[in-house]
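Shown next, in structure tokens, is the structure this report addresses.
The values are calculated or read from the model by the stated rules, or taken from the named source; none is laboratory data. Owing to the predicted nature of the structure, the values given are computational and were not obtained by experimental measurement. Ideal geometry is used to build each Cβ from the backbone, glycine not excepted, and the neighbour counts take in all protein chains shown.
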Amino acid sequence: MLYNILPSAVQYLLVSYLWKDAAPPPSSMKFELRHVHGLVTDTTRVVFNDVDQSSFAANSFEVRTRTLNLPKARSQADVFGARSGGTQPVWDDLESEGPNVHDRATLQTLAKMTSNAYYEDRSRTGWYDLGPEWNTSYPFGWEPDQDGFRGHIYATEDNSTVVVSIKGTSAGWIVGGGGPTTRKDKLNDNLLFSCCCGRVGPTWTPVCPCYAGNNKCDQQCVEDSLAEESLFYSVGINLYNNVTYMYPNSRIWLTGHSLGGSLAALIGVTFGVPVVGFETPAEKLAASRLHLPIPLSTEHITNVYHTADPIPMGVCSGYTSACTAGGYALETQCHLGKVIRYDTVSNLGWSVDARTHGIAVVVEKVLSTDWEGAEEGGVPGYYEEKDCVDCYKWEYGDFNLSKRSCP
């Protein structure tokens with residue numbers, strides 16, 4: 001049984017939840033680090049590691065909340081059935097508490113949680129302390145030979161709300177360090193955010209065999225490539241199911257930076273949970289290719305980025321771009337949900353540079369002070385990505401390309 005392979009602290013929580021109702025939603029919440037999670041090499045199995053329970057009380061921090069209407073599919077089976085061409089799900093709007101994305105301090109706290117997803121523990125440079133010393137026991141998923149989906153899990157003191165922070169791409173030229181996940185990160189980036197399998201030019205080796213020549217791409221082939229069980233979206237679905245099994249009566253929030261934020265958005269659309277992503281490559285095309293049924297409202301998903309970062313802007317492309325030089329085909333520009341855009345180019349005179357993509361820039365510069373001219377809370381209002389079209393130069397159709405395994 002799944003129960004028997006869960007960490008002991010998680011088993012204790014499962015038993016306690018059998019008779020404990022979630023607390024009424026407050027206007028702010030205090031969180032504690034509870035688990036780290038990771039993907040076992042070459043499998044889709046997500047493993048967890050409990051944080052030392054004696055440190056729960058000391059390791060806490062607060063975020064402000066707001067009430068959201070979350071679109072929940074009446075049947076989760078219908079969601080996955082719709083992906084295979086079945087009937088579209090019936091959506092119910094359920095009122096729940098989510099992070100107050102119009103509050104700068106809340107965004108900065110979530111950004112720090114997101115930054116910490118890149119590191120095993122607080123001994124590493126780049127870890128942001130969210131309270132006194134953090135202590136983890138045995139960090140499953142963080143050994144050098146484990147190269148997949150990683151992050152941290154936080155929970156409120158009463159376990160009413162859980163935040164899952166998902167690690168983004170580990171690449172030296174972006175975040176200051178590579179690591180064992182770099183290869184799989186790049187594979188997922190080039191599948192999710194390229195127009196056709198990362199086929200930028202004749203010197204590039206595509207990550208799937210769907211290019212049909214002359215800016216043509218086999219639609220079914222590229223859709224099948226994104227649905228591989230070993231890829232991060234499928235692993236994220238497994239992660240979410242594990243978390244809801246551990247916390248059956250809790251509200252779940254998702255956050256992440258870069259690739260991690262985009263994955264959080266895709267999972268958030270699937271399950272109807274609040275998401276805050278930072279500097280995310282645009283994931284709307286990937287959602288379409290994954291055949292995710294999209295509810296009428298996606299206001300529970302918020303993408304936060306600044307204009308000097310070419311990656312979320314969809315302009316880190318072309319032969320002379322830093323992304324292309326690094327082997328990344330990040331060509332999409334249309335995001336799901338709502339966008340909070342900091343115009344650091346016009347307002348602060350920043351130059352467009354991929355080195356501003358790192359989450360530390362967001363934490364220490366973009367979110368360090370209230371935005372001039374912003375409403376109460378110090379955050380710019382929502383930005384509308386008008387007339388946004390992805391990959392308009394490409395032709396998609398049935399070009400009789402057989403689907404083979406991705407590299």
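Some values worked out for this structure:
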| quantity | calculated |
| --- | --- |
| Condition met for Val315 (β-branched (Val, Ile, Thr) and either at pLDDT below 95 or within 17 Å of Leu192 (Cα to Cα) (or both)) | yes |
| Looking only at the stretch 222-249, and only at residues there that are buried (at least 21 other Cβ atoms within 10 Å of the Cβ) and small (Gly, Ala, Ser), the one that is farthest from Thr67 (Cα to Cα) | Ser225 |
| Tally of residues being under 17 Å from the mean Cα position of the chain (by Cα) and surrounded by fewer than 19 Cβ atoms within 10 Å (Cβ to Cβ) across the stretch 295-312 | 1 |
| Failed criterion for Ala286 (all others in (1) farther than 25 Å from Arg66 by Cβ; (2) assigned to a loop (DSSP other than H, G, I, E, B) hold) | (2) |
| From the options Val207, Val200, Val222, Val243, residue that is touching a residue at least 40 places away in the same chain (Cβ under 8 Å), assigned to a helix (DSSP H, G or I) and under 21 Å from Trp394 (Cβ atoms) | Val222 |
| In the stretch 315-342, the residues that are in contact with a Pro (Cβ under 8 Å, 6 or more places away or on another chain), surrounded by fewer than 20 Cβ atoms within 10 Å (Cβ to Cβ) and closer than 13 Å to Glu279 by Cα | Arg341 |
| All positions within the stretch 125-160 that are aromatic (Phe, Trp, Tyr), modelled with pLDDT of 70 or more and either out of contact with any Ser or Thr (no Cβ under 6 Å at 6 or more places or on another chain) or not in a loop (DSSP other than H, G, I, E, B) (or both) | Trp127, Phe149, Tyr154 |
| Close pairs from the stretch 283-294: first without any contact (Cβ under 8 Å) to a residue 60 or more places away in the chain, partner part of a loop (DSSP other than H, G, I, E, B), Cβ under 7 Å, at least 6 apart | Ala287/Ile294; Ala287/Leu336 |
| The stretch 67-124, residues that are touching a helix residue (DSSP H, G or I) at 6+ places or on another chain (Cβ under 9 Å), crowded, with 18+ Cβ neighbours inside 10 Å and part of a helix (DSSP H, G or I) | Val79, Leu107, Gln108, Ala111, Lys112, Thr114, Ser115 |
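To keep it simple, each residue is scored yes or no on (1) more than 24 Å from Gln108 (Cα to Cα); (2) touching a residue at least 12 places away in the same chain (Cβ under 8 Å).
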position	(1), (2)
Leu296	yes, yes
Asn303	no, yes
Ile311	no, yes
Thr320	yes, no
Leu336	no, yes
Val352	no, yes
Ile359	no, yes
Lys386	yes, no
